[in-house]
Amino acid sequence: MKLLAIRLSALGDVAMTLPVLESLKRANPSWDITLLSSPAAAQMAETLQLGIHVKAVNVKRDYEGVSGLNRLYGELREEHYDVVADLHDVLRSQYLRFRFFLNGIPTARIHKGRREKKALVSHTGLRQLTSGFERYRDVFLRLGIAGFPLDYHCPLSHDYDPTFTDIGIAPFAQHAGKVYPVPLMAEVIKGLLAKNENIRIFLFGGKNEREELAQLEISERVINLAGKGSIAEDMLRMKDLRCVISMDSFNMHLASLMETPVISVWGATHPYAGFLGYGQSEMQIVQLNDLPCRPCSIYGNKPCRYNDYHCLTGIQPSLILKKVYECLDSR
């Protein structure tokens with residue numbers, strides 16, 4: 001079986017495909033599985049030694065417009081795939097899927113559950129929805145592939161520094177509705193540093209976040225890694241952390257791929273939408289459960305109707321610290 005899976009963008013969602021594809025490969029070791037995605041996906045898959053191929057493309061830059069997609073389809077057609085799984089279902093992936101369909105190749109697409117997600121943010125259906133991992137797996141089931149368990153395990157072993165208790169913090173996300181305020185995160189850091197002199201903190205973020213993260217460098221035991229290394233280097237660092245404090249963001253999923261516990265902080269979004277990191281415990285979620293206006297957004301991209309983001313500013317640093325200490329005590 002030669003299988004093509006398509007997930008072109010949104011790094012967190014791309015990261016969520018990998019446990020599913022690894023589980024599929026584990027159940028069918030002789031299959032040739034390719035993921036059409038970004039260069040970042042190639043770094044993640046290579047670091048994890050997943051045994052799948054990644055055709056890394058920048059669709060907007062190198063395959064622009066219909067003519068570009070036709071050229072990309074021509075390249076993919078030469079690989080002679082048996083089935084195509086569209087894990088994205090956007091215009092670009094729909095077009096590629098349609099071309100394969102016209103050529104007689106079985107295809108299937110993700111069902112994103114838009115109606116259920118709309119009910120979630122309108123507060124007419126506040127319940128746990130199907131996880132993104134299960135939605136990805138369902139695409140393969142619709143292709144007639146026999147059911148396979150989601151049993152991803154990071155192949156890399158942890159190597160903790162005995163001198164320090166290393167903790168990662170990734171306080172930023174793409175949208176304001178998912179970002180814990182820097183002054184409050186500074187209080188979290190102060191609490192951690194005061195708790196134990198052996199605690200060391202690594203800050204994660206993009207190159208454009210490095211300057212803002214510098215506000216959190218309040219001790220020589222706080223090390224700002226933002227923009228310094230590649231995704232692969234960040235992954236290897238996360239592998240050896242005791243835990244990571246993260247928003248509902250890419251870094252939550254990156255740490256989850258390394259099977260590192262994540263204290264996840266949720267503001268405008270909600271884990272009920274199905275985007276909690278793979279294998280992460282609900283007991284390590286930090287959120288305001290009694291706030292009637294949340295969740296107000298699936299992706300955190302809607303402006304706060306009250307202009308104060310109380311869903312985030314109302315989370316006391318002590319609550320995050322409590323979750324961190326519980327996590328450390330359990331390991």
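Annotations for the structure displayed:
- Its relative contact order, with pairs defined as Cα atoms under 8 Å and 6+ residues apart, puts the stretch 86-139 at 38 percent.
- Relative contact order of the chain, pairs being alpha-carbon contacts under 8 Å that are 6 or more residues apart, as %: 17
- Reference-scaled alpha-carbon Rg (2.2 N^0.38 Å with N residues) for the chain: 1.02
- The H on the amide N of Ile223, modeled in the peptide plane, is under 5 Å from the matching H of Ile201, Phe202, Leu203, each at least 5 residues off or on a different chain.
- Between Ala5 and Thr34, Leu35, Leu36, Ala85, the built amide H atoms are under 5 Å apart, and every one of these is 5 or more places off in sequence or on another chain.
- Cα gyration tensor category, rounded, prolate or oblate, for the stretch 189-331 with a/c compared to 1.5: rounded
- Mean-position separation - Cα centroids, the stretch 139-165 and the stretch 283-331, in angstrom: 27
- q = 0.24 Å⁻¹, the stretch 140-219: log10 I(q)/I(0) [Debye, one scatterer per Cα]: -1.16
- Unit charges on C-beta of K, R, D, E only; dipole of the chain, Debye: 1080
- Karplus-derived 3J(HN,Hα), 6.51/-1.76/1.60, for each residue of the stretch 122-128, Hz, glycine and proline x: 8, 6, 9, x, 7, 8, 5
- Solvent-accessible area, 1.4 Å probe, carbon plus sulfur percent, for the chain: 49
- The chain, helix-only ellipticity at 222 nm - DSSP H runs n ≥ 4, -39,500 (n - 2.57), divided by all residues, nearest 500: -11000 deg cm²/dmol
- Amide H to amide H, with H built 1.01 Å from N, Ile245 comes under 5 Å of Gly168, Ile169, Ala170, Ile263, counting only residues 5 or more places away or on other chains.
- Taking all protein chains together and rolling a 1.4 Å probe, Leu126 ends up with roughly 100 Å² accessible.
- Theoretical FRET efficiency, 1/(1+(r/R0)^6), r = Cβ-Cβ of His158 and Glu79, R0 35 Å, to 0.05: 0.45
- Given Lys117/Lys322; Lys178/Lys239; Lys117/Lys178; Lys190/Lys302; Lys112/Lys178, the pairs whose alpha carbons are separated by over 28 Å: Lys117/Lys322; Lys190/Lys302
- Cα gyration tensor shape of the stretch 98-158, rounded if a/c is under 1.5, else prolate or oblate by comparing a/b with b/c: oblate
- Scalar couplings 3J(HN,Hα) for the stretch 38-51, obtained by applying the Karplus form with A = 6.51, B = -1.76, C = 1.60 to θ = phi - 60°, are 8, x, 4, 5, 5, 4, 5, 5, 5, 4, 7, 6, 7, x Hz; x denotes Gly and Pro.
- Vicinal HN-Hα couplings computed from phi for the stretch 63-72 (Karplus, 6.51 cos²θ - 1.76 cosθ + 1.60; Hz; Gly/Pro x): 9, 6, x, 5, 5, x, 5, 5, 5, 5
The values are calculated or read from the model by the stated rules, or taken from the named source; none is laboratory data. Bear in mind that the values here come from a model prediction, so they are computed numbers and not experimental data. In this analysis, Cβ positions are derived from the backbone assuming ideal geometry, glycine residues included, and neighbour counts consider all displayed protein chains. For the accessible areas, the whole protein counts, side chains as well, though only heavy atoms, and no ligand, DNA or RNA atoms are used. Shrake-Rupley method; radii C 1.70, N 1.55, O 1.52, S 1.80 Å.
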